[in-house]
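Worksheet for the structure shown next.
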Amino acid sequence: MLDREGYRPNVGIVLLNSRNEVFWGKRVGQHSWQFPQGGIQHGESPEQAMYRELQEEVGLLPEHVQIIGRTRDWLRYDVPEEYLRRQNSTRVHRAAYRGQKQIWFLLRLVGLDSDIQLRASEHPEFDAWRWVPFWIQLDAVIGFKREVYQLALSELARYLSRGMRMQQLAWGTPLDMIQSFYADHEDQNKSSEKSDKEHE
C-alpha cells in the first residue's frame, strides 16, 4: 500500500522502561540495531498497526504498555536505490516505491522485561535486545534512517522530564564536539571542587 508519492505508511515504536531507557533490537542475522517498526495494513489505524507490530516483533500485548504520546505528522525517509534493488526488485510496484512515511509512538512498559518475547511470531524481526539511553547513538542507526530517528526522538522528548529533554543539546553534534563538551564540564567541576576546598 503506497501513497501517491511512493511512500508506504508505517509505524515506529519507542518503548521506554521505568528509567526512561529505550528498547533497542538487533535485526535477525545482522549487526544492525533499530526500534520496532512495521507497515500499516489496509483498513488499520496507526494505533492498531502499532499494537499489532508490538506483539509480532516484541511479544507485548496492549496491557503490557501505556501510550505516552505520538508524533503529530508523518515522518518520511527515502530508501536508497541499492537497497531497493536487493528487495525483490521483480515486484511491479517497486518502480514507484520511494520509502516509508511513519507515525512514531512513545510507549511505557508497565509489564516486566520477561514479558518481552522476540519469538512471538513465525518470522522474528530481532534476535537480541537491550535497554539503551533515550538519546541513542545515531551512528548506530543505518544512514538513511538517522534523520527520521532524530526527528522522532526530538518530537517525542516533549513527553519526558525537562532534565531528559535538555540532554539533547549535545546530541547529533560531531563526536569531537561532544567529547569537548563533556571534557569542559569535567574541567569546570574540578575547578569548582578545587575552589571549594580553597575556601574551606
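Does at least one position in the stretch 17-30 carry a residue that is modelled with pLDDT under 95 and farther than 26 Å from GLY111 by Cα?
Yes, some residue in the stretch 17-30 is modelled with pLDDT under 95 and farther than 26 Å from GLY111 by Cα.
Please give the number of the condition ARG86 fails out of (1) among the basic types (Lys, Arg); (2) at pLDDT 95 or above; (3) closer than 23 Å to VAL141 by Cα.
Condition not satisfied by ARG86: (2).
Looking only at the stretch 22-46, count every residue that is assigned to a loop (DSSP other than H, G, I, E, B) and of a type in the set (S, T, N, Q) and tell me the total.
Of the residues in the stretch 22-46, 4 are assigned to a loop (DSSP other than H, G, I, E, B) and of a type in the set (S, T, N, Q).
For every residue, the table says whether it meets (1) surrounded by 15 or more Cβ atoms within 10 Å (Cβ to Cβ); (2) among the charged types (D, E, K, R); (3) at pLDDT 95 or above.
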site	(1), (2), (3)
GLY111	no, no, yes
HIS123	no, no, no
PHE126	yes, no, yes
VAL132	no, no, yes
ALA152	yes, no, yes
ARG162	no, yes, no
ARG165	yes, yes, no
ASP176	no, yes, no
ASP187	no, yes, no
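Taking the options ILE116, ILE103, name whichever one is at pLDDT 95 or above, closer than 15 Å to ILE13 by Cα and more than 14 Å from the chain's Cα centre (by Cα).
Only one candidate qualifies: ILE116.
Pick from ARG85, ARG19, ARG4: which is surrounded by fewer than 16 Cβ atoms within 10 Å (Cβ to Cβ), touching a residue at least 24 places away in the same chain (Cβ under 8 Å) and either of a type in the set (D, E, K, R) or in contact with a Gly (Cβ under 8 Å, 6 or more places away or on another chain) (or both)?
Result of the check over ARG85, ARG19, ARG4: ARG19.
Checking GLY12 against (1) assigned to a strand (DSSP E or B); (2) at pLDDT below 95, only one condition comes out false. Which one?
(2)
Of the residues VAL14, VAL65, VAL58, VAL79, only one is crowded, with 16+ Cβ neighbours inside 10 Å and over 19 Å from TRP129 (Cα atoms); which?
VAL79
Could you tell me whether any residue of the stretch 40-54 is touching a Pro at 6+ places or on another chain (Cβ under 6 Å), open to solvent by 20 Å² or more (accessible area, probe 1.4 Å) and hydroxyl-bearing (Ser, Thr, Tyr)?
Yes, the stretch 40-54 has at least one match.
As an exercise: evaluate GLU21 against (1) in contact with a Leu (Cβ under 9 Å, 6 or more places away or on another chain); (2) over 15 Å from PHE126 (Cα atoms) and give the number of the one condition it does not meet.
All conditions are met except number (1).
When the residues of the stretch 136-145 are narrowed to those that are open to solvent by 30 Å² or more (accessible area, probe 1.4 Å) and touching a strand residue (DSSP E or B) at 6+ places or on another chain (Cβ under 9 Å), which ends up modelled with the highest pLDDT?
Across the stretch 136-145, the extreme among qualifying residues is PHE144.
The values are calculated or read from the model by the stated rules, or taken from the named source; none is laboratory data. Just so we're clear, the structure is a prediction, and the values are computed from it rather than from any experiment. Positions of Cβ are backbone-derived with ideal geometry, glycine not excepted, and every protein chain shown enters the neighbour counts. Quick note on the areas: whole protein, heavy atoms, side chains included, nothing else; ligands and nucleic acids left out. Shrake-Rupley method; radii C 1.70, N 1.55, O 1.52, S 1.80 Å.
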